[in-house]
1. Based solely on its DSSP helices, what 222 nm [θ] is calculated for the chain when runs of n ≥ 4 H residues each add -39,500 (n - 2.57) and the sum is averaged over all residues, nearest 500 deg cm²/dmol?
2. Kindly write out, for segment 75-88 in residue order, the coupling ³J(HN,Hα) from the Karplus curve 6.51 cos²θ - 1.76 cosθ + 1.60 (θ = phi - 60°), rounded to whole Hz, with x marking Gly and Pro.
3. May I ask you to evaluate 6.51 cos²θ - 1.76 cosθ + 1.60, the Karplus curve with θ = phi - 60°, for each residue of segment 151-164 and list the ³J(HN,Hα) values in order in whole Hz, giving x for glycine and proline?
4. Please give the charge dipole size of segment 240-353, origin at the Cα centre, charges +1 on K and R Cβ atoms and -1 on D and E Cβ atoms. Round to the nearest 20 debye.
5. Calculate how large, on average over all directions, the projected area of the Cα convex hull of segment 151-257 is; give the answer in nm² to one decimal.
6. How much area per residue is accessible in the chain when the probe is 1.4 Å and only protein heavy atoms are counted (Å²)?
7. Mind scanning 139/324; 199/346; 36/325 and naming the pairs with a C-alpha gap bigger than 22 Å?
8. Rg and Dmax in Å for the chain, alpha carbons only: what are they?
Amino acid sequence: MAQNKKKPTISDIARMAGVSVATVSRVLGNADYPVKQEVRERVLEIARQMDYKPNIFSQMLKGGTSREIGIITPSITNPFYAQMISAAQQECMRRGYIPLICLSMSNSQLELNHLDMLEERRVAGIILSSVSSGEGFMKRLGSMRTPLMLFDQTLEGYPGDCIQFDFYQGAYRSTEYLIECGHRDILFASGPLNRGSRKEMYEGYKQALRDHVLGINKRRLIISVSDTDSCGESDYQLGRALGGALLEREYLPDAVVTINDMTVIGLINYLHSEGIQVPHDLSIMGFDDISICEMVTPPLSTIHQPAFETGDLAARYLLNKIEKKLSEPVRVMMEPELVERNSVRKIHKKIRR
């Protein structure tokens with residue numbers, strides 16, 4: 001029977017490099033303790049040749065610095081969040097950290113519970129896409145001892161590190177595009193306006209209407225009472241609920257601006273089941289540009305929000321902070337891009353028969 005090849009240890013590397021075990025440990029652990037550059041390079045090259053992989057769990061059990069990174073997001077069933085998590089996870093693992101994925105299920109209390117748990121566990125850092133707001137929550141973030149990086153969602157007045165997205169400009173561009181296509185009666189459909197992103201989108205939508213001298217009133221607003229679902233399918237179910245509320249009105253608007261693509265898919269499917277065709281009867285704009293936008297019928301016109309880049313940057317900057325490679329505040333604003341597909345009808349153009 002073939003025997004398993006023995007895994008190399010830091011003692012093996014030390015013997016090959018002609019240095020102490022302590023020196024190898026300092027080099028591989030990126031310690032601040034000074035080591036001559038030629039020694040460092042020799043140790044790293046031997047470790048590479050021996051295919052040495054550190055036992056992170058063993059290091060933690062011995063009382064070393066935590067190598068765990070908490071990642072908190074509202075959902076994983078929405079492909080947008082899944083893509084952000086995937087990018088952050090890849091960067092963590094590439095640099096020798098262990099990602100701990102926590103889902104808040106769009107529940108503020110559960111989000112706070114995750115924050116408490118991760119701090120008690122003494123993780124190295126936390127990446128957070130928050131659904132919470134208010135003075136109490138801001139105080140909680142201000143009291144944290146663990147390095148924190150916000151991503152995706154924005155918190156008004158938050159002074160810490162964050163990778164943000166310009167939701168205001170995204171919704172403004174979405175609404176303006178519908179106006180450019182000839183639509184005038186444009187409705188905004190959303191879950192509760194209890195998140196910074198949704199509030200900014202609503203303000204961007206309203207400003208676009210003002211700038212094009214179009215009326216703003218409650219008749220052009222549908223807000224679902226709840227967007228939380230125990231099975232984690234809240235965005236899709238939210239879309240179906242908004243579709244039901246839309247058909248309770250006396251007549252359909254020209255077009256709808258929504259908060260994310262999964263909500264649009266739920267909305268379109270509900271309308272289709274009731275005999276309403278998009279974009280023939282109603283134009284709809286999405287938001288996020290998740291991968292399945294091109295796979296559904298019709299393919300969704302939407303606003304591109306760079307999910308993978310956001311997750312990657314959040315993890316990269318947080319780890320740089322933890323490893324003392326970065327000291328200045330991190331304030332990154334990701335910009336929206338309009339993606340034209342087929343869920344918007346251009347009614348100002350003559351239809352070729």
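The values are calculated or read from the model by the stated rules, or taken from the named source; none is laboratory data. For clarity, every value in this text was computed on a predicted model and none was experimentally measured. Ideal geometry is used to build each Cβ from the backbone, glycine not excepted, and the neighbour counts take in all protein chains shown. Accessible surface is based on the protein model in full, side chains and every heavy atom, while ligands, DNA and RNA are left aside. Shrake-Rupley method; radii C 1.70, N 1.55, O 1.52, S 1.80 Å.
1. Values: 12 runs with 145 residues, N = 353.
That comes out to -13000 deg cm²/dmol.
2. In residue order, the calculated couplings are 7, 10, 6, 6, x, 4, 5, 4, 5, 4, 4, 4, 5, 5 Hz.
3. Taking θ as phi minus 60°, the curve returns 9, 6, 6, 10, 10, 4, x, 6, x, x, 6, 7, 10, 9 Hz for segment 151-164.
4. On the way: 14 positive and 16 negative charges, 64 e Å.
Value, rounded to 20: 300 debye.
5. Numbers: hull surface 31.4 nm².
The orientation-averaged projected area of the Cα hull of segment 151-257 comes to 7.9 nm².
6. On the way: 18090 Å² over 353 residues.
With all protein chains present, the chain gives 51 Å² per residue.
7. On the way: 139/324 25 Å; 199/346 28 Å; 36/325 19 Å.
With Cα atoms farther than 22 Å apart: 139/324; 199/346.
8. When restricted to Cα atoms, the chain yields Rg and Dmax of 24.9, 83 Å.
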